[in-house]
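Working notes for the structure below.
Every number here is computed from the coordinates shown, using simple stated rules; none is lab data. As the structure is a prediction and not an experimental result, all values here were calculated from the model. A quick note on method: Cβ atoms are made from the backbone with ideal geometry, for glycine too, and the neighbour counts reach across all protein chains shown.
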Amino acid sequence: MNIHEELHALFGTTRTVVPIVLFLSVFQVLVLRTPIENTRSFIIGTLLIFFGLHLFLRGISASLLPLGDAVGRNLVVMDNKIIIAVVAFVIGYLATLVEPALKVLAMEVEEVSVGAIPSTVLVHTVAIGFGVGMCIGVIKIIHGIPTKMLLLPILVLAVVLGFFAPREFVDIAIDSASATTGPVNIPLNMAIALGLSKVLEHADPLLSGFGIVGLTSMGAVVSVLALGVISR
């Protein structure tokens, strides 16, 4: 990519961030009538957002997306569904540990609960649930199972667990599912799912490749609710 194209991409990233920064700044100063503290740090931080988000998106496009697609395309070479399922679980588990939004959520939960729910326990619990969801999603693609046939039983399980889990765990479970759908998990898992569905003769990428994000998110919900039931 030449300099002109790189600057154009940077401008596109900046254009998406500027509206929310301006809105929050104007709202705080004019409506709430509260000055922005440490203006110099705020400006530097905003510039870092522009360049950081741009570099992150460029890195995702250059590394995780093609790597995930290649892994998905070559999974069938293993010719062992059990090993493929285990690999899918490990990918989902490790990718979840990287998610910054989940780490922030876990730290907030630990702080509010005064250490009753340790951040490391919550992060690994969500990662396990996400990994199981990823495993189920890959099995769905391999066997051509409709997403609704898997999603409905998981929803029923989540509702049942929700009745027995403490209320705070129900709320945390919902937020945990959202926190896992971040800038690392989504590109990587979608690339793997689409790559795998492209090389299977019976799989339609449009029908089989999508839906895996919902399954992984529901896996995170179930795992956190299960933690709530156990801790109760």
Worksheet item: What nm value, rounded to one decimal, do you get for the distance between LEU157 and LEU30 when each label is placed 7 Å out toward the C-beta?
Response: 5.1 nm
Item to complete: Would you work out the relative contact order for the range 67-231, in percent, from Cα pairs under 8 angstrom that are 6 or more residues apart?
Response: 38 percent
Discussion item. Quick check on the chain: helices-only [θ] at 222 nm, where DSSP H runs of length 4 and up contribute -39,500 (n - 2.57) each and the sum goes over total residues. Nearest 500, please.
Written reply: -26000 deg cm²/dmol
Fill in: Centroid-to-centroid separation of the range 20-50 and the range 146-188 [C-alpha atoms, Å]
34 Å
Worksheet item: Here are some values of Cα extents along the principal axes in Å: [x] 58, 48, 31; [y] 65, 55, 27; [z] 58, 54, 26. Which one was computed from this structure?
Response: [z]
Discussion item. For a protection proxy built on the mean count of beta-carbon atoms within 10 angstrom, sort 209-219, 31-41 highest first, please.
Written reply: 209-219, 31-41
Item to complete: When a/c is below 1.5 the answer is rounded, else prolate if a/b is larger than b/c, else oblate, so apply that to the range 58-161 with a ≥ b ≥ c taken from the square roots of the Cα gyration tensor eigenvalues.
Response: oblate
Fill in: Phi to ³J(HN,Hα) by Karplus 6.51 cos²θ - 1.76 cosθ + 1.60 over the range 171-186, Hz, x for Gly, Pro
5, 5, 4, 5, 5, 5, 4, 5, 5, 6, 7, x, x, 9, 4, 4
Worksheet item: How far apart, in nm, are the 7 Å Cα→Cβ label points at ILE49 and GLU37?
Response: 1.7 nm
Worksheet, complete the sentence: Along the range 124-140, Karplus-curve 3J(HN,Hα) (6.51, -1.76, 1.60; θ = phi - 60°) to the nearest Hz, with x for Gly and Pro, reads 6, 5, 5, 5, 5, x, 5, x, 5, x, 5, 4, 5, x, 5, 4, 4
Worksheet entry | Stretch gain in nm, segment VAL21-SER113, where the contour uses 0.36 nm per residue and the Cα spacing is subtracted | 30.0 nm
Practice prompt. Enumerate the calculated ³J(HN,Hα) couplings along the range 96-109 in order (Karplus 6.51 cos²θ - 1.76 cosθ + 1.60, θ = phi - 60°), each rounded to whole Hz, writing x wherever the residue is Gly or Pro.
Written response: 5, 5, 7, 4, x, 5, 5, 5, 5, 4, 5, 5, 5, 5
Worksheet item: What's the lysine pair count for the chain at a Cα cut-off below 18 Å, pairs eight or more apart or interchain?
Response: 4
